[in-house]
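Undergrad: A single structure is presented below for examination.
Read-outs: derived from the displayed coordinates by stated rules, not from any lab. This is a predicted model, so every value here is computed, not measured. Cβ sites come from the backbone with ideal geometry, for glycine too, and all protein chains shown count toward neighbours.
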Amino acid sequence: MSRFNIAIVGAGPAGYFAAQALQNLANDERTFSIDMIERLPTPWGLVRSGVAPDHPKIKTVSKVFEKIASSENFRLFANVEVGADVTVAQLQEKYDAVIIATGSSLGKKLGIPGEDLRGSLSAAVFVPWYNAHPDFVGVDTPLDAETAVVIGAGNVAMDVARMLALEPSELDPTDTADHAIDALKKSNIRKVYISARRGPEHAAFTSPELRELPKLEHTNVIMKKADIDAAIVRAGEALEKDVKSNLDAMLLIAENPKGEHERTMEFLFQHTPKEILGTDRVEGVVYSTPNGDVTIKCGLVISAIGYQAQGIEGVPYENGKVVNSDGRVHDNLYVVGWAKRGPSGVIGTNKSDAAAVMELLVSDLGSPKNAGDISELLTHQIVVTQEHWQKINEAEIAAGEPKGKPRVKSVERTELLNHAGL
Ligand code: NAP
């Protein structure tokens, strides 16, 4: 029996699915000891810091992650930063294979004037702010103007627009960060535009998310019927199933009678952002449209136009992704998830993606190195192990119980470490 030591860098969906694929590839001849290394004191990646808190069902995948982590051949090393506390090269020396699963955490830039004004933020900053990510507690999110604009026609833009346009008391029974619920309750925002640079037939929203919108209890959702009708004509008869499903869902929204709620979310199509106006802070967005330039006055702009991977020393990057061939990087280094293929697909997409890379990895393995593991490299770090994480998890769930929430997330690292008894 050969026992291979594998390091997975990043405790998000792609990392857990890579671990699961390895567990499934173990047999009478080979077994895998998996060490998962995570920069934050908490695992679960986007499931904790990305998924919208009003979508709790999506987060139930964390049960799968915990089952994977319950294997005796799995260890968590959280609160350890690869690239700072240990290097990729050190891990490559110790382990039979190293898998990068660090996702794409940086927001793509619009590259237009005014983008750096106060009140112009990327979803890559705003989303972790409302999701209690320790690095984003202090983000400046001015919510004092009446109008906000969200740029992008994908599901992240939709999540952000919904979070801004919901009646904030709807977030009380969720695990939204307390600081975000407080700020959203004080917010003056009543109108949220979500702008797409192309027509409805090209939008990257998915239809389940669109079909949810008319069910919002306290928010008017507006799409112009003329926009959808024109898109249906442009798309023609032979349109793809997903596009048809999206257009059907959009037609339902467009035909849904406008409510009399105080809060409104309105979709703008064929609006290409040209400039963000303002001197000290955001005052509006200028768009070019088929009918000429249009200015929308607003005090907050959130761009949700995609992500790119953050670099780690020792890993080659190009176009916001790790340079790879089907997940192979070089030597015994591999990559899975968004860091491999870019920021696309739902959480489940990472399962088949990671499984395919793990098959390649296993086919590359020779004999085990038996060269030790990360514990020999960490001398001063406070490591959050799986047992510590379970204590944090239990403390957060217990704090949520009296408030009718799934959990109250702790945002400060010190508080998280205290829960773990560290
Ligand atoms: P996305 O689906 O790729 O959408 C990005 C959007 O940004 C596109 O509409 C794109 O328009 C637009 N865009 C790009 N550059 C632009 C620019 N310079 N100016 C204006 N618009 C620009 O990305 P995402 O929303 O970040 O989502 C990432 C992945 O996570 C997706 O696969 C998504 O489905 C998934 N996700 C799923 C859920 C869920 O299942 N509930 C929730 C969140 C995210 P063009 O098409 O014109 O380039």
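Undergrad: If one takes the longest principal axis of the Cα atoms in the chain, at what angle in degrees, from 0 to 90 and to the nearest 10, does the Cα axis of helix 241-255 lie?
TA: It works out to around 40 degrees.
Undergrad: So which GluC sites (Glu not before Pro) in the range 69-111 end up in coil per DSSP with only 16 or fewer other C-beta atoms within 10 Å?
TA: Here the sparse-neighbourhood loop sites are E72, E81.
Undergrad: R0 = 41 Å: FRET efficiency of H202 with T279, Cβ-based, nearest 0.05?
TA: Step by step, r from the Cβ atoms, then E = 0.75.
Undergrad: Need one word for the range 275-330: rounded, prolate or oblate. Basis is the Cα gyration tensor (sqrt eigenvalues a ≥ b ≥ c); a/c below 1.5 gives rounded, then a/b vs b/c decides.
TA: Since a/c reaches 1.5 and a/b is larger than b/c, the shape of the range 275-330 is classed as prolate.
Undergrad: Also, quick follow-up: List the relative contact order of the chain as a percent without decimals, with contacts defined as Cα pairs under 8 Å and 6+ residues apart.
TA: Across the chain, relative contact order equals 24 percent.
Undergrad: Shifting gears a bit: How long are the three semi-axes of the equivalent ellipsoid of the range 190-251, in whole Å, if each is the root of 5 times an eigenvalue of the C-alpha gyration tensor, listed from largest down?
TA: The equivalent ellipsoid of the range 190-251 has semi-axes of 21, 13, 10 Å.
Undergrad: Any chance you could give the angle, 0 to 90 degrees and rounded to 10, that helix 225-235 forms with the longest Cα principal axis of the chain?
TA: 60
Undergrad: Run down the lysines and flag those whose C-alpha is under 16 Å from the C-alpha of K297, throwing out any fewer than 8 positions away in its chain.
TA: Filter leaves K191, K274.
Undergrad: Once you put a point 7 Å from the Cα of N73 and another 7 Å from the Cα of K186, both along the Cβ direction, what distance in nm separates them?
TA: 5.2
Undergrad: Can you tell me which of 15-23, 300-308, 179-187 comes out highest on packing, and rank the rest after it, using the mean Cβ neighbours within 10 Å?
TA: Packing order, densest peptide first, comes out as 15-23, 300-308, 179-187.
Undergrad: In whole Å, how far is the Cα centre of the range 32-62 from that of the range 344-384?
TA: With the range 32-62 and the range 344-384 each reduced to a Cα centre, they are spaced 16 Å.
Undergrad: Would you compute, from DSSP H runs of 4+ residues alone, the mean residue ellipticity of the chain at 222 nm, taking -39500 (n - 2.57) per run and dividing by the full residue count, rounded to the nearest 500?
TA: That calculation yields -9000 deg cm²/dmol at 222 nm.
Undergrad: Just want to confirm a number: the relative contact order over the range 271-369, from Cα pairs under 8 angstrom separated by 6+ residues, in percent.
TA: This gives 15 percent for the range 271-369.
Undergrad: So, one more: In the range 380-422, which GluC sites (Glu not before Pro) fall in coil by DSSP and have 16 or fewer other Cβ atoms within 10 Å?
TA: Hits after loop and neighbour filter: E412.
Undergrad: Another question about this same structure. So for the chain, what are the equivalent ellipsoid semi-axes in whole Å, largest first, each being the square root of 5 times an eigenvalue of the Cα gyration tensor?
TA: 40, 24, 20
Undergrad: Any chance you could run the full-extension gain for T31 through L252? It's 0.36 nm times the residue separation minus the Cα-Cα distance, nm to one decimal.
TA: That works out to 74.3 nm of additional length.
Undergrad: Here is a further query. Using 1/(1 + (r/R0)^6) with R0 = 41 angstrom and r between the beta carbons of H380 and R3, what's the FRET efficiency to the nearest 0.05?
TA: The pair H380/R3 has a calculated efficiency of 0.90.
Undergrad: Can you put D85, D326 in order, fewest other beta carbons within 10 Å first?
TA: Ascending number of Cβ neighbours within 10 Å: D326, D85.
Undergrad: Using 0.36 nm per residue, how much length does the chain from T295 to D331 gain when fully extended, once their Cα-Cα distance is taken away?
TA: Here the answer is 7.7 nm.
Undergrad: Quick check: convex hull over the Cα atoms of the range 86-204, volume per residue in Å³, rounded to an integer?
TA: In the range 86-204, the Cα hull volume divided by residue count equals 175 Å³.
Undergrad: Within a 10 angstrom radius of the beta carbon, how do E167, E313 rank from fewest other beta carbons to most?
TA: So the ranking, lowest neighbour count to highest, is E313, E167.
Undergrad: Assign unit charges at the C-beta atoms only (+1 for Lys and Arg, -1 for Asp and Glu), then state the dipole size of the range 163-312 relative to its Cα centre in Debye, rounded to the nearest 20.
TA: Using Cβ point charges on Lys, Arg, Asp and Glu, the range 163-312 gives about 420 debye.
Undergrad: May I ask you to sort Y317, Y130 by Cβ crowding, counting other Cβ atoms within 10 Å and putting the fewest first?
TA: Going from sparsest to densest Cβ surroundings: Y317, Y130.
Undergrad: Give me the three principal axis extents of the range 166-282 from the C-alpha atoms, as integers in angstrom, largest value leading.
TA: Dimensions of the range 166-282 along the principal axes of its Cα atoms: 48, 38, 26 Å.
Undergrad: Can you pull the one-decimal nm distance between simple spin-label points at E318 and K244, each 7 Å off the Cα toward Cβ?
TA: Between E318 and K244, the label points sit 3.9 nm apart.
Undergrad: Please list 255-263, 347-355 highest first by mean number of surrounding beta-carbon atoms within 10 Å per residue.
TA: Put in order of decreasing packing, that is 347-355, 255-263.
Undergrad: Can I ask one more? How big is the equivalent ellipsoid of the range 19-84 along its three axes, where each semi-axis is √(5λ) from the Cα gyration tensor, reported in whole Å from largest to smallest?
TA: Ellipsoid half-lengths, sorted descending, are 24, 17, 8 Å.
Undergrad: I'd like the orientation of helix 349-364 relative to the chain: the angle between its Cα long axis and the longest Cα principal axis, in ° from 0 to 90, rounded to 10.
TA: 30
Undergrad: Is the shape of the range 275-412 rounded, prolate or oblate, going by the alpha carbon gyration tensor and its root eigenvalues a ≥ b ≥ c, with a/c under 1.5 for rounded and a/b larger than b/c for prolate?
TA: Cα axes put the range 275-412 in the oblate bin.
Undergrad: Suppose each label sits 7 Å from its Cα in the direction of the beta carbon; what would the L117-E359 distance come out to in nanometres?
TA: Result for the modelled spin labels: 5.2 nm.
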